[in-house]
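Contents: one structure, followed by commentary.
Read the figures in this text as sums done on the coordinates, not as results from a lab. This is a predicted model, so every value here is computed, not measured. Ideal geometry is used to build each Cβ from the backbone, glycine not excepted, and the neighbour counts take in all protein chains shown.
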Ligand SMILES: *Cc1c(COP(=O)(O)O)cnc(C)c1O
């Protein structure tokens, strides 16, 4: 399959059109302007050719959740002038690699990671926008369901401070993943409160990255500014995603 495969191009074009229709309908219902809602195509497990197709269809923002996959894909598509979003859990020892190609890191959930990303970005002569990932799942914070990343909501403002004070980092706002099996509406309402608290202190930190293929309507209703869509655009993935 290549980026000139007409069937794949048509499939992604139709998926994109359907996703945009869902976004417009959800914005109409929430009395919001669709121009306030940005779409990030999460391309994990899909080939760089799909990234080329998305770019040819007007997508400017792409996301990945594993450095091992993101780094080569960003290199293979370096000619496209895309904005790269890193959305997965991140070990501090991957900060150097991620800081070399990512434009926005959505998953900053501890001070140590903020400092590592900032120091690595500075060394590379780059600036990174960082979002504080908030854990909205009581079960995972208690260790019941295993860690999915994210800071306790009470710790989020302190992590925002660590990002804002680093010269190589820009505090963009917040990000969250709705709890598995939970109510996305309640979770995204809580995220909105955390976002508002941070925005009170940092007026330019306006990003609320919330909403995936299954819950984008709830996210839009609760103020999301960025949606991270994978399966809705590219179809199902093999279940090997870590
Ligand atoms: C994979 C992933 C997405 C996209 O999920 P879909 O359900 O395929 O839309 C969004 N956010 C994160 C953090 C992801 O890992």
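Numbers at a glance
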read-out	value
Gaussian network model of the chain, Cα within-10 Å springs - most flexible of 85, 106, 166	166
Stokes-Einstein translational diffusion, the range 64-105 - Kirkwood Rh over all Cα pairs, 1.306 mPa s, 10 °C, in µm²/s	155
Taking 38, 107, 209 and counting other C-beta atoms within 10 Å, the order from fewest to most	38, 107, 209
Kirkwood hydrodynamic radius of the range 4-133, from inverse mean 1/r over distinct Cα pairs, in Å	15.9
Three semi-axes of the equivalent ellipsoid, the range 1-64, Cα gyration tensor, whole Å, largest first	25, 13, 8
GNM top mover of 21, 121, 71 - the chain, alpha-carbon springs below 10 Å	21
Dimensionless Rg/Rh of the chain - Kirkwood Rh, Rg from C-alpha atoms	0.95
Helix-derived mean residue ellipticity, 222 nm - over the chain, DSSP H n ≥ 4, -39500 (n - 2.57), to 500	-13000 deg cm²/dmol
Gaussian network model of the chain, springs between alpha carbon atoms under 10 Å - residue of 59, 51, 207 with greatest fluctuation	59
Rg to Rh, two decimals, where the range 150-242 supplies the alpha carbon set and Rh follows Kirkwood	1.01
Cα-only Debye scattering, the range 196-242: base-10 log of I(q)/I(0) at q = 0.17, 0.20, 0.33 Å⁻¹	-0.60, -0.72, -1.11
